[in-house]
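S.K.: A single structure is presented below for examination.
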Amino acid sequence: MKKILLGGTALAAAALVAMPAMAEDTPVTSGLSMKISGFVAWEAGLIIGSDDDERDREYDFNSNGRLQFDIKNVTDGGLEYGARIRMNNVNRRQDVTVDRQYIYLKGEFGIITLGDSPQVAGDFGYFFAPDDILNAQGGYGDNLDGNYRYGGGDFFSLDPTYHSGLDKSTSIKYSSPSFGGFIFAVGFTPVISTDKNLSNGTQGRADLFDGGQLFENAISGGVGYEGEFDGTSVKVRGTASYANGIDQHWDLETYSAGAQVGFGPFVASLVWVGTPSGFANGTTDKGVDTIGAGFGWSLGALNLGLGYAYTWAEKGNGLEGSDDKGNDLKDNHVAVATVNYNLAPGLNTYAEVVYEIQNFRFTNNNNVETSWEQAVFQTGVSVAF
């Protein structure tokens, strides 16, 4: 009898769960929409030639994934609100890295963003035309903006956040609406740390007590213009960022100016990023400048991208390169050519060649100029969803 009663209770509970909710039982999140996106990628790489001969082999495989959750809704009054959580490095080696976690409010007043989001210097300072052409995913087939898994990529910047530490922060940001094509934004974060994990989570900011701070009171701003003239799209922007160096780090001062033009299947970009002080997470007060150029050409399913960055640095900067044999960066050249092909919806393949040379004023043992040079071929496939 007890079994029968228990069974009847379970059936009744299941029936209640299956019943449609009454109007008064509608959850408070009713109307919220959620989108899940991401990618899974695989890559093979071959070092064509390199000054670094200490590797066990000159080829390797690599794979990675990303998951992103976007939630949004619009109130009766027209206020849009939502949130984003983006998980990078979804793989068996690194588990998961959460590099986006923020809330936003959007209306006629503009956009307010609260949390771990790209800084204003990244939003307004980033210019790289192939991004508008290539079906790239998180460093796979990203041309100049790749991940440099085989060394290199230590110095150039496509925006002021690359080697300043500005991406390691929880902040508040305001972006204006467009005023006849003109826009601006400002952002603030109390502290920037060596590790993003120090400044996030439920335990409070560990860097307030345990060290690890790079800068405090970081302020960044950007202005720009976007428009279209007779089928030609134009985007021009500039940024400025400042922060106080702490724990034996130099103050941060970094600027950028860039432009991008698109016409038909072609798009081209040019950006300058200058950091008079605080480059490499505040380790030097010597100036480091980069000029980066990008070109993209869309041929339907087939897309082409070219990227080049030239970086130069003041004497006495003490910056070391990929193989740690050089010291005091003199200049750096990076050039990348990428071919991308869309096989089917969400299915992309690519091939690219990356060349880089780093020149230094000294070796680590004497005052003789030295350099590090390398060329890499990479190819892979990704599924984006």
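S.K.: Across the range 232-252, what is the number of residues that are among the hydroxyl-bearing types (S, T, Y) and closer than 23 Å to F188 by Cβ? Don't jump to the end; show me each part of the working.
M.R.: The initial filter retains those residues of the range 232-252 that are among the hydroxyl-bearing types (S, T, Y), namely 232-233, 239, 241-242.
Subsequent filtering for residues that are closer than 23 Å to F188 by Cβ retains 239, 241-242.
Count: 3.
S.K.: Looking at the structure I just gave you, is T283 crowded, with 20+ Cβ neighbours inside 10 Å, of a type in the set (S, T, Y) and under 22 Å from K168 (Cβ atoms)?
M.R.: no
S.K.: Next up: Exactly one of these conditions fails for G222: (1) modelled with pLDDT of 90 or more; (2) over 22 Å from the mean Cα position of the chain (by Cα); (3) open to solvent by less than 50 Å² (accessible area, probe 1.4 Å). Give me its number.
M.R.: (2)
S.K.: List the pairs whose first member sits in the range 146-163 and is β-branched (V, I, T), whose second member is open to solvent by less than 20 Å² (accessible area, probe 1.4 Å) and part of a loop (DSSP other than H, G, I, E, B), and whose Cβ atoms are under 6 Å apart, counting only residues at least 6 apart or on separate chains?
M.R.: If the second residue must be open to solvent by less than 20 Å² (accessible area, probe 1.4 Å) and part of a loop (DSSP other than H, G, I, E, B), the pairs left are T161/Q119.
S.K.: Next question. Within the range 275-313, how many residues turn out to be part of a strand (DSSP E or B) and charged (D, E, K, R)?
M.R.: First, pick out the residues of the range 275-313 that are part of a strand (DSSP E or B): 275-277, 284, 288-299, 302-313.
Now restrict to residues that are charged (D, E, K, R): 289.
Residues meeting the conditions: 1.
S.K.: Let me ask another. Report the residue count in the range 314-342 for those that are assigned to a strand (DSSP E or B), open to solvent by 10 Å² or more (accessible area, probe 1.4 Å) and farther than 24 Å from G264 by Cβ.
M.R.: Matching residues across the range 314-342 total 6.
S.K.: Also: Restricting to the range 363-377, what's the tally of residues that are among the aromatic types (F, W, Y) and open to solvent by 70 Å² or more (accessible area, probe 1.4 Å)?
M.R.: Of the residues in that region, 1 qualify.
S.K.: Out of the range 142-169, which residues are over 23 Å from G245 (Cβ atoms) and basic (K, R)?
M.R.: Going through the range 142-169, the residues over 23 Å from G245 (Cβ atoms) turn out to be 142-153, 158.
R149 - this is the single residue of the range 142-169 that is over 23 Å from G245 (Cβ atoms) and basic (K, R).
S.K.: Is there a residue being part of a strand (DSSP E or B), in contact with a Lys or Arg (Cβ under 6 Å, 6 or more places away or on another chain) and farther than 29 Å from V120 by Cα anywhere in the range 345-359? Lay out the reasoning, then the answer.
M.R.: The first filter runs over the range 345-359 and keeps only residues part of a strand (DSSP E or B), leaving 347-359.
Subsequent filtering for residues that are in contact with a Lys or Arg (Cβ under 6 Å, 6 or more places away or on another chain) retains 359.
Still in the list and also farther than 29 Å from V120 by Cα: 359.
Yes, there is a match, as at least one residue in the range 345-359 is part of a strand (DSSP E or B), in contact with a Lys or Arg (Cβ under 6 Å, 6 or more places away or on another chain) and farther than 29 Å from V120 by Cα.
S.K.: I've got another one for you. Just for the range 193-218: of the residues that are crowded, with 16+ Cβ neighbours inside 10 Å and in a strand (DSSP E or B), which one is modelled with the highest pLDDT? Please lay out each step first, then the result.
M.R.: Taking the range 193-218 as the starting set, the residues that turn out to be crowded, with 16+ Cβ neighbours inside 10 Å are 193-194, 196, 198-200, 205-207, 212-216, 218.
Checking the rest, the ones that are also in a strand (DSSP E or B) come to 193, 213-216, 218.
Details: S193: 81, Q213: 82, L214: 87, F215: 91, E216: 91, A218: 95.
Among them, the one singled out is A218.
S.K.: Among the residues of the range 40-51, are any hydrophobic (A, V, I, L, M, F, W, C) and farther than 21 Å from V353 by Cβ? Break it down into steps so the answer makes sense when it comes.
M.R.: Our first condition is that a residue be hydrophobic (A, V, I, L, M, F, W, C); within the range 40-51, this holds for 40-42, 44, 46-48.
Filter once more, so that each one left must be farther than 21 Å from V353 by Cβ: 40.
There is at least one residue in the range 40-51 that is hydrophobic (A, V, I, L, M, F, W, C) and farther than 21 Å from V353 by Cβ.
The values are calculated or read from the model by the stated rules, or taken from the named source; none is laboratory data. Source: prediction; values computed, not measured. Cβ coordinates were reconstructed from backbone atoms using ideal geometry, including for glycine residues, and neighbour counts include every protein chain displayed. Keep in mind that these areas ignore ligands, DNA and RNA; they rest on the heavy atoms of the full protein, side chains included. Shrake-Rupley method; radii C 1.70, N 1.55, O 1.52, S 1.80 Å.
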